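Notes to accompany the following structure.
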Amino acid sequence: MLNYMQNTPYYFYDLDLLNRTINEVELNIRNSAFRVHYAIKANNNKKVVSFIAKRNFGADCVSAGEIMLALECGFNSADIVFAGVGKTDEEIEYALLNNIGMLHCEGLEEIQVINEIAGRLNRRPRVALRLNPDVDARTHEKISTGKYENKFGFSPEEFAELTQQGSSLQHIEIVGLHFHVGSQITDTVVFKELSERINELVPVYEKYFGTLHYLNVGGGLGIDYQNPDVNPIPDFRNYFETFRQNLNVNVPVHFELGRSIVAQCGSLRTKVVYIKRSGAKTFAVVDAGMTELLRPAMYNAYHKIEKYNNALALSNGGVYDVVGPLCESSDFFGKNVPLPELKRGDILTIRSCGAYAESMSLNYNGRTKIGSVTSEHVLTQFRIIKVA
Ligand SMILES: *Cc1c(COP(=O)(O)O)cnc(C)c1O
């Protein structure tokens, strides 16, 4: 076993799969007016972000910290879009001073603040209006963003008010529209409905703000958490085709994909610290916790769990609740998980952890950030070992 294997917990990133996933995206948008921005909040690991920055993508950022990271990892400022429902004055200043390509604005008070700061800094940023389209993403309620009850985007009232005062905003250039209705969306009907809603809203926009120059339909394409080996790469063909067939606009269309690009290339490797019995239950207590993968605690999300190097050997196994070491009952990774017989020291792989795992990690219970290993790194190590 390679020495880093014992150095759990850590994230493992398969850059070959990431590469093939990006190839598939590019294959489906080449020779088209589609442009993809990688949503950095899905995975902010520098090795991963730098890898993606070398390709033909822009970056979607939701804070000044993410803009800083995107620039540091090699994205061009013109290819960066800045979204977020609570951009602070300092963050807006930072974005303007760095000439980032586009601000996605979500409300009336915010657009007035952007205009004021732009005037003070003598800039004229391009701004797209994020509208709340009232489309149901049919996903987990905590990752739905496109209904009127959600906090995101201009509400119809505030949008109507803006149409009355648009011309008073002299220091910004309103160029288009932005939407994002949710995450882990697996039903393409949602994207069809979004497209139809956009077709209705574009003429309304154009009536007040002139020709639409920019359209961003957000991200949200889901992945197969149940079968990461059967479906390691999401169905990008069907995804882009849905927009191609249903959107009726004549401008370049921007996408902001996070999860669908990075989720399957990552896993979390963790070691069994103790096996513990309680009544009918057997717990495998592992050294990773909700601090390294929050999704089960936050969304009751399913992640496939395997014994490392033993994916096929299910005989003589048991059924385990795989739980972390933190002082929270929500600190679990899976309940009643069939696994080969486990003992102290065994390594488990928690699959599909490339998105919203490392980037959501916490310091709760005095835990420090864990490391990551990429497939390139493994190859290097392997080579060294062979030479020795
Ligand atoms: C989170 C987010 C995304 C990315 O969502 P995924 O489901 O990871 O593709 C894109 N756009 C905005 C505005 C977001 O908040």
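The values are calculated or read from the model by the stated rules, or taken from the named source; none is laboratory data. Remember, it's a predicted structure, so these values are computed and weren't measured experimentally. Every residue, glycine among them, receives a Cβ derived from its backbone with ideal geometry; neighbour counts consider all protein chains shown. Heads up: the accessible areas ignore ligands, DNA and RNA and are worked out on the full protein's heavy atoms, side chains in. Shrake-Rupley method; radii C 1.70, N 1.55, O 1.52, S 1.80 Å.
Values for this structure:
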{"read-out": "Close pairs (6 angstrom Cβ cut-off, 6 or more residues apart or separate chains): over 23 Å from Ile52 (Cα atoms) and open to solvent by 20 Å² or more (accessible area, probe 1.4 Å) in the range 342-357, assigned to a loop (DSSP other than H, G, I, E, B) and among the β-branched types (Val, Ile, Thr) anywhere", "value": "none"}
{"read-out": "Given (1) within 15 Å of the ligand (Cβ to nearest atom); (2) farther than 16 Å from Asn99 by Cβ, index of the condition Cys73 fails", "value": "(1)"}
{"read-out": "Lone qualifier among Leu177, Leu268 - being open to solvent by less than 10 Å² (accessible area, probe 1.4 Å), more than 25 Å from Ile80 (Cβ to Cβ) and part of a strand (DSSP E or B)", "value": "Leu268"}
{"read-out": "Residue that is farthest from Tyr205 (Cα to Cα), among those in the range 132-174 that are within 11 Å of the ligand (Cβ to nearest atom) and aliphatic (A, V, I, L, M)", "value": "Ile143"}
{"read-out": "Residue check for Leu177: without any contact (Cβ under 8 Å) to a residue 60 or more places away in the chain, touching a strand residue (DSSP E or B) at 6+ places or on another chain (Cβ under 8 Å) and more than 16 Å from the ligand (Cβ to nearest atom)", "value": "no"}
{"read-out": "Pair list, Cβ < 8 Å and 6+ apart or interchain, from the range 280-302 residues that are crowded, with 16+ Cβ neighbours inside 10 Å to residues that are assigned to a helix (DSSP H, G or I) and basic (Lys, Arg)", "value": "Tyr299/Lys142; Ala301/Arg295"}
{"read-out": "Pair list, Cβ < 7 Å and 6+ apart or interchain, from the range 55-83 residues that are open to solvent by 40 Å² or more (accessible area, probe 1.4 Å) to residues that are charged (D, E, K, R)", "value": "Asn56/Glu26; Val62/Lys41; Gly74/Lys54"}
{"read-out": "In the range 251-279, the residues that are of a type in the set (Ser, Thr, Tyr), more than 16 Å from the ligand (Cβ to nearest atom) and under 30 Å from Phe57 (Cα atoms)", "value": "Ser267"}
{"read-out": "Odd one out for Val273, checked against (1) more than 30 Å from Ile22 (Cβ to Cβ); (2) touching a helix residue (DSSP H, G or I) at 6+ places or on another chain (Cβ under 8 Å); (3) β-branched (Val, Ile, Thr)", "value": "(2)"}
